[in-house]
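To keep things clear, I will list the structure first and then write my remarks on it.
The values are calculated or read from the model by the stated rules, or taken from the named source; none is laboratory data. Every value quoted in this text rests on a predicted model; they were computed, and no experiment measured them. For neighbour counting, all protein chains shown are included, and Cβ atoms are generated from backbone atoms with ideal geometry for every residue, glycine included.
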Amino acid sequence: MTDDTAHGARLYAHFLGDQRDDWPGDLTLAHRIERRVPNVGLIARNQRKFVMRAVRALADYGIRQFLDIGSGLAHSPNVHEVAQAADPACRVIYVDQDAVITANQEASFAVDERVRHLTADVRDPDGIVQAPLVREFLDFDEPVGLLLASVFLFVPDDADPAGIIKRLVSALPSGSYVAFSQGTYDYDDDRRPVYHLTRMYAEGGVIVTPRDKAAIAGFLDGAGLAILAPGIVATNRWRSEDLQPGAEADSCIHAALAYKR
């Protein structure tokens, strides 16, 4: 990876407002995207808020161990901070395919013994669920909260995302939950933000695959999961604490929470 190459996780961090470590390739593309899609920061923040609300919900359901695949760079509040606010005993494993990102996470949370980090690719689900670190740190006799937040946006159809999700879920005990989000064209308005994001990401070397609600429902149903209320909705409409959550075009991402019976 060179300084001139854009990176999905770093772009996401930039749009969240964390611009301390912008690389030239990220910064060039980020500025182009912000000019073309001026609400991209809001889209990113709505995604992040969904993840934090989902973690709080899982902690309220009694989940005390979390597996966050495609975790990306460290942001605060992060998954373990929200979970541990509910119960300090909560444990989290952050998984990312990029060793640099894993190192960033480790440096950020080095003092927390309830947090672990794994460099692994979601396209190799067995490499995650069978990893010694995962097997030793998580108790698979107890429910797990699996977070798949926008990671499948970066998994193309020919990599069999449905099969990957089914394999990940099959490793979880009954009573586990899956928080899932995925970029979509379904909420594009006349500004066509996701159309422009997809095209411009590709120009920067970052290939993404938006999917519609039917495809996401197929992923979750096919893995044997029951989708909980309010169903598959825009991130800013998922159990929003805001009475005026804003337009779905300010989300552009489907969100869902599902349960393994």
Q: Can you confirm whether segment 236-253 contains a residue that is within 30 Å of His31 (Cβ to Cβ), in a loop (DSSP other than H, G, I, E, B) and β-branched (Val, Ile, Thr)?
A: no
Q: Find the residue count for segment 144-180, including only residues that are of a type outside the set (Val, Ile, Thr) and in a helix (DSSP H, G or I).
A: 13
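Does any residue of segment 182-190 turn out to be touching a residue at least 24 places away in the same chain (Cβ under 8 Å), under 19 Å from the mean Cα position of the chain (by Cα) and not in a loop (DSSP other than H, G, I, E, B)?
Scanning segment 182-190 turns up at least one residue that is touching a residue at least 24 places away in the same chain (Cβ under 8 Å), under 19 Å from the mean Cα position of the chain (by Cα) and not in a loop (DSSP other than H, G, I, E, B).
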Q: Provide a single number: the residues in segment 124-168 that are surrounded by fewer than 21 Cβ atoms within 10 Å (Cβ to Cβ), in contact with a helix residue (DSSP H, G or I) (Cβ under 6 Å, 6 or more places away or on another chain) and of a type in the set (Gly, Ala, Ser).
A: 1
Q: Consider only pairs whose beta carbons are under 6 Å apart and that are at least six residues apart or on different chains; among these, list those whose first residue lies in segment 124-151 and is free of Cβ contacts under 8 Å to residues at least 12 places away in the same chain and under 23 Å from Asp60 (Cβ atoms) and whose second residue is assigned to a helix (DSSP H, G or I) and of a type outside the set (A, V, I, L, M, F, W, C).
A: none
Q.
For the condition over 17 Å from Ile253 (Cβ atoms), of a type outside the set (Ser, Thr, Tyr) and at pLDDT below 95, what is the one hit in Gly62, Gly25, Gly72?
A. Gly25
Q: Please work out which one of (1) closer than 18 Å to Gly163 by Cα; (2) within 18 Å of the chain's Cα centre (by Cα) is the condition Ala226 fails and give its number.
A: (2)
Q. Surrounded by 18 or more Cβ atoms within 10 Å (Cβ to Cβ), over 18 Å from Ala255 (Cα atoms) and among the small types (Gly, Ala, Ser), is that true of Ala202?
A. no
